[in-house]
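The block underneath contains the structure these notes are about, expressed in structure tokens.
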Amino acid sequence: MVRRVCLIGAGPSGMAALVAFNRLKERGEECEVTCFEKQEQPGGLWNLTWRTGTDEFGEPVHCSQYRDLFSNGPKECLEFPDYTFEDHFGKNIPACPPREVLLDYLQGYWKLHGVKNEDIHTRHVVRNVSFDEATQIFTVKVTNLLEKIDLEQQFDYVIVASGHFSVPHIPHFDGIEKFEGRAMHAHDFKNAREFTGKKILLVGSSYSAEDIALQLYKFGAERVTISYRTNKMDFKWPDKIHEVPLLTKIEGRTCHFKDGTSAEYDAIILCTGYQHHFPFMPSELTLPNGNIYNLPNLYRSLQWYGVTEGKKDAAGKLFYVGMQDQFYTFTMFLMQGLWVANVIKDIIQTPGREECVQDIEKMFASNADLSDYHKEIDAQTAYVLQLAAEIGYNERLDVSKIFYKWEDDKAENILTYRDQTYTSNFTGKESAVFPIPWLKCFDDSLSGYLKNCV
Ligand code: FAD
Ligand code: NA7
């Protein structure tokens, strides 16, 4: 019997799963995979849109990326072993290229592995997934947005690859409803030029706050304040950026902070993270919220076993991919896709439910030990290598040393870390140097970038 698999989402994780199924197909191990994607083309967050709120179909806009976004980590950390950046572009390029360059690389990888856009049901949004314990079958309800028709299809397996950096987490702050400037979430930040000459408050102290602060600085904001709840980022910020403790209340344009200080702002951007949001899943099969490394309810952070009270397990036939906090991205997604495809095809066996549940609980508890970047990097490296070992993938995926150097470069100078170089595990070459420093580079296009790569 052919195994029918429903894949929800064609971002980097979903596409990695399609690559994985194609690799198995080449070995004669075929599954019938149906991928539904609500956007016009694969690419997930990497498909930039100018829209905010809802799209032309009234669906929530998925993209949280923005104009002028350059990779916030070295490309050497996400490079595919069987298709290097040099293979794709025909030359050695710098470490932190802009969004379009990374999307182009991904598209090249998908093409190499025979995944065509026509294989994906784009402009199809998944509305509902249900699991029948008696028949062990999933029913998936989908809307074809272009033709405005609803479909219903049955599957033996479901893989959720719908991402988790799209639906904003928006906490309330006392007085924000009467703030006399603009209040928004990072999800709707699209273009730093809008804030040139303005005084901006960012709330949050993680990747979004860090990068939006840098974008605002680059495009000439008058002053940027970053308000942290738990820990400062504590980079050596330039004069116009500084960090303060938590925002406590807002009066007019004045924002007050926990240390008793206050200042006036033109805009507040909440960089307060995202929600794991799966409106199409039944609540008993929904992954709980939390941007963490080792996920609850998922064996290998992938295969669903409902270990919290009231959660069902769908007999190990439900998978979530790409749902953890991320140091590793594209290569981790590939290992996840291969692992899931191998499990579905019974090429690798997972232990019984009881052992899986014990392992999930042990791994979940180990999140508490991840108290600094090095430990987080080491833990995710071990995870990626574990998946690779289980599927027999023998390539040098460990890029922990590159991540350490990257962290050191950020600590050394947050304005120039994107101009640094790293050595590829696969080509052995050090990344090229871009002739224009990131701070002065205002062309984020693929063509403009490649023209300048010598
Ligand atoms: P996504 O990219 O979110 O893709 C999920 C897909 O599922 C989307 O195409 C969406 O349309 C689709 N979908 C959702 N719901 C449905 C539904 N109901 N029906 C059908 N389809 C659906 N990573 C890096 O490696 N380097 C970076 O520089 C970097 N920068 C980032 C900057 C920002 C601002 C953000 C938010 C993330 C960044 N990331 C970066 C991390 C990013 O999470 C990954 O690179 C990657 O996009 C995750 O892929 P994914 O497929 O898991 O999720
Ligand atoms: P993250 O990494 O999940 O970080 C969320 C931040 O928001 C974090 O600093 C939180 O502080 C802060 N936060 C959350 N709730 C609040 C409240 N109520 N008040 C103040 N601060 C709060 O999300 P990002 O958007 O930065 O990054 C997500 C991805 O986008 C990332 O992988 C990048 O690739 C780009 P805490 O430290 O928990 O106190």
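Restricting to strands (runs of 3 or more DSSP E) lying wholly in segment 107-191: which have 2 or more residues that are under 19 Å from the mean Cα position of the chain (by Cα)?
It comes to 157-160.
Which condition breaks for H172 when tested against (1) over 30 Å from T272 (Cα atoms); (2) open to solvent by 70 Å² or more (accessible area, probe 1.4 Å)?
Condition not satisfied by H172: (1).
So if I check each of Y393, Y449, Y373, which one is closer than 22 Å to P81 by Cβ, of a type in the set (F, W, Y) and in contact (Cβ under 8 Å) with a residue 12 or more places away in the chain?
Only one candidate passes the filter, namely Y393.
Please count how many residues of segment 253-276 are within 11 Å of ligand 2 (Cβ to nearest atom), farther than 15 Å from D174 by Cα and open to solvent by 20 Å² or more (accessible area, probe 1.4 Å).
Matching residues across segment 253-276 total 4.
Which of the residues spanning segment 300-338 are in contact (Cβ under 8 Å) with a residue 60 or more places away in the chain, out of contact with any Pro (no Cβ under 8 Å at 6 or more places or on another chain) and aromatic (F, W, Y)?
Scanning segment 300-338 gives F319, Y320, F327, Y328.
Filtering segment 375-421 down to residues that are under 17 Å from L214 (Cα atoms) and β-branched (V, I, T), which residue is farthest from the chain's Cα centre (by Cα)?
Of everything passing the filter in segment 375-421, T416 is farthest from the chain's Cα centre (by Cα).
If you scan segment 192-207, which residues turn out to be within 14 Å of ligand 1 (Cβ to nearest atom) and either farther than 16 Å from L247 by Cα or part of a loop (DSSP other than H, G, I, E, B) (or both)?
If the condition is that a residue be within 14 Å of ligand 1 (Cβ to nearest atom) and either farther than 16 Å from L247 by Cα or part of a loop (DSSP other than H, G, I, E, B) (or both), then A192, G204, S206, Y207 are the ones that fit.
Test each condition in (1) away from ligand 1 (no atom under 12 Å from the Cβ); (2) out of contact with any Phe, Trp or Tyr (no Cβ under 9 Å at 6 or more places or on another chain) for C35 and report the one that comes out false.
If we test C35 against (1) away from ligand 1 (no atom under 12 Å from the Cβ); (2) out of contact with any Phe, Trp or Tyr (no Cβ under 9 Å at 6 or more places or on another chain), just (1) comes out false.
Would you mind listing the strands (runs of 3 or more DSSP E) fully within segment 250-361 where at least 1 residues are closer than 30 Å to T84 by Cα and not acidic (D, E)?
Values: elements: 254-257, 262-264, 267-270, 318-320.
Result: 318-320.
Whether any residue in segment 243-252 is open to solvent by less than 40 Å² (accessible area, probe 1.4 Å), assigned by TED's automatic domain parsing to the domain that holds A379 and in contact with a strand residue (DSSP E or B) (Cβ under 8 Å, 6 or more places away or on another chain) is what I want to check.
no
Can you name every residue in segment 200-230 that is among the charged types (D, E, K, R), more than 6 Å from ligand 2 (Cβ to nearest atom) and open to solvent by 40 Å² or more (accessible area, probe 1.4 Å)?
Once the filter is applied, which keeps residues that are among the charged types (D, E, K, R), more than 6 Å from ligand 2 (Cβ to nearest atom) and open to solvent by 40 Å² or more (accessible area, probe 1.4 Å), segment 200-230 yields E222, R223.
For segment 354-379, which residues satisfy the criterion of being open to solvent by 50 Å² or more (accessible area, probe 1.4 Å) and either outside the structural domain of W304 (by TED's automatic domain parsing) or among the aliphatic types (A, V, I, L, M) (or both)?
Result: M363, A365, A368.
Conditions (1) within 16 Å of ligand 2 (Cβ to nearest atom); (2) open to solvent by 20 Å² or more (accessible area, probe 1.4 Å), marked per residue:
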{"position": "L302", "(1), (2)": "no, no"}
{"position": "K311", "(1), (2)": "no, yes"}
{"position": "A314", "(1), (2)": "no, no"}
{"position": "Y328", "(1), (2)": "yes, no"}
{"position": "T331", "(1), (2)": "yes, no"}
{"position": "M335", "(1), (2)": "no, no"}
{"position": "I344", "(1), (2)": "no, no"}
{"position": "Q349", "(1), (2)": "no, yes"}
{"position": "G352", "(1), (2)": "no, yes"}
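Give the residue that is farthest from ligand 2 (Cβ to nearest atom), with candidates limited to residues of segment 7-54 that are aromatic (F, W, Y) and either within 16 Å of Y320 (Cβ to Cβ) or part of a loop (DSSP other than H, G, I, E, B) (or both).
Taking the candidates together, the pick is F36.
State all residues of segment 194-252 that are in contact with a Pro (Cβ under 9 Å, 6 or more places away or on another chain), free of Cβ contacts under 8 Å to residues at least 60 places away in the same chain and under 27 Å from E177 (Cβ atoms); if no residue qualifies, say none.
Scanning segment 194-252 gives S227, Y228, R229.
Determine whether segment 208-227 contains at least one residue that is touching a strand residue (DSSP E or B) at 6+ places or on another chain (Cβ under 6 Å) and part of a loop (DSSP other than H, G, I, E, B).
Scanning segment 208-227 turns up at least one residue that is touching a strand residue (DSSP E or B) at 6+ places or on another chain (Cβ under 6 Å) and part of a loop (DSSP other than H, G, I, E, B).
Of these, K75, K141, which one is buried (at least 18 other Cβ atoms within 10 Å of the Cβ) and among the basic types (K, R)?
Going through K75, K141 in turn, the sole match is K75.
Could you list, in sequence order, the residues of segment 78-92 that are assigned to a loop (DSSP other than H, G, I, E, B), surrounded by fewer than 21 Cβ atoms within 10 Å (Cβ to Cβ) and in contact with a Ser or Thr (Cβ under 8 Å, 6 or more places away or on another chain)? Give the steps one after another, and end with the answer.
Filtering segment 78-92 for residues assigned to a loop (DSSP other than H, G, I, E, B) gives 78-79, 81-82, 84, 90-92.
Retained after the next criterion (residues that are surrounded by fewer than 21 Cβ atoms within 10 Å (Cβ to Cβ)): 81-82, 84, 90-92.
Of everything in segment 78-92, those that are assigned to a loop (DSSP other than H, G, I, E, B), surrounded by fewer than 21 Cβ atoms within 10 Å (Cβ to Cβ) and in contact with a Ser or Thr (Cβ under 8 Å, 6 or more places away or on another chain) turn out to be P81, T84, N92.
Please specify each residue of segment 47-72 satisfying the condition of being near ligand 1 (Cβ under 9 Å from one of its atoms), under 25 Å from I120 (Cβ atoms) and open to solvent by 40 Å² or more (accessible area, probe 1.4 Å).
Across segment 47-72, the qualifying residue is only P60.
Whether any residue in segment 379-390 is of a type in the set (D, E, K, R) and in a helix (DSSP H, G or I) is what I want to check.
Within segment 379-390, one or more residues are of a type in the set (D, E, K, R) and in a helix (DSSP H, G or I).
The values are calculated or read from the model by the stated rules, or taken from the named source; none is laboratory data. The structure displayed is predicted, hence computed values, not measured ones. Because the Cβ atoms are built from the backbone with ideal geometry, glycine has one as well, and the counts that use them run over all protein chains shown. Keep in mind that these areas ignore ligands, DNA and RNA; they rest on the heavy atoms of the full protein, side chains included. Shrake-Rupley method; radii C 1.70, N 1.55, O 1.52, S 1.80 Å.
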